[in-house]
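The values are calculated or read from the model by the stated rules, or taken from the named source; none is laboratory data. Keep in mind that what you see is a predicted model, and the values were worked out from it rather than measured. Methodologically, a virtual Cβ is constructed for each residue, glycine included, from the backbone with ideal geometry; neighbour enumeration extends over all protein chains shown. Protein only, heavy atoms only, side chains kept; ligands, DNA and RNA dropped before computing areas. Shrake-Rupley method; radii C 1.70, N 1.55, O 1.52, S 1.80 Å.
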Amino acid sequence: MFCINCGVKLEEGQKFCPQCGKKQVLTYTQVFQRGDLSEEELINNINLWFQSNPKAANISCKFEMDTSVGFLANKYQLNKVVLEYELFKGENQNQYALVKEETMGLTKTKVKDYMAEWKASHPNVKVVDWEGGTHARGSTVSHLMGGFGARNRMEVYILFKFPRPEKKD
């Protein structure tokens, strides 16, 4: 048996490489590209993939974002999501989901503060990763004063996991 990362010879059943420290589990990649899909369709496709792949575990993700001009403030657009994951022999005890949270307001909110509130209001889930931010439109003076009086749009994409519901017979 050899390390999947550096190739050093390992003892049978060794879970970590003594040379590079890499966990000896194969990881897989699943790429979701937006293309002609709406953002909502892209997120739905990702969530359908999570539901149909119950052996996928230890999922991490990378978001690729663009910004575009919106009606009252610029907005983020999710263009690509790259998932990296392991496969369990049995079914993973956790279910994963991706959501988009969006707020609009007259005052500027920090995304980290919003995420702290979101986590507190969702105590049964664990946030795996998130991406997003706040875009503001208004006068230069308004922006210098922290966004007061400007229209602000916050968009956050949150990948989270939660205990898989038990199947009912």
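For the stretch 1-41, the solvent-accessible area works out to 78 Å² per residue, with a probe of 1.4 Å and every protein chain left in place. What is the sum of charges around M115, taking Lys and Arg as +1, Asp and Glu as -1, for the other residues whose C-beta is under 14 Å from the C-beta of M115? Local charge sum for M115: -2.
For the stretch 40-56, the Karplus equation 6.51 cos²θ - 1.76 cosθ + 1.60, evaluated at θ = phi - 60°, returns couplings of 4, 5, 4, 5, 4, 4, 5, 5, 5, 4, 4, 5, 8, 10, x, 8, 5 Hz by residue, with Gly and Pro reported as x. Counting only lysines at least 8 places from K161 when in the same chain, those with an alpha carbon closer than 23 Å to its own are K23, K55, K62, K80, K89, K100, K112, K119, K126. Using the average count of surrounding beta-carbon atoms within 10 Å as a protection proxy, the listed peptides 52-58, 155-161 rank, highest first, as 155-161, 52-58. Computed on protein heavy atoms with a 1.4 Å probe, the accessible areas place E64, E84, E166, E117 in the order E166, E117, E64, E84, largest first.
For the stretch 1-46, the list of trypsin sites (Lys or Arg not before Pro) that fall in a loop by DSSP and count at most 15 other C-beta atoms within 10 angstrom reads K15, K22. Net length available on complete extension from N44 to K110 is 21.1 nm, with 0.36 nm assigned per residue and the Cα-Cα distance removed. Computed over neighbours whose Cβ is under 10 Å from that of K62, the net charge equals -3, Lys and Arg +1, Asp and Glu -1.
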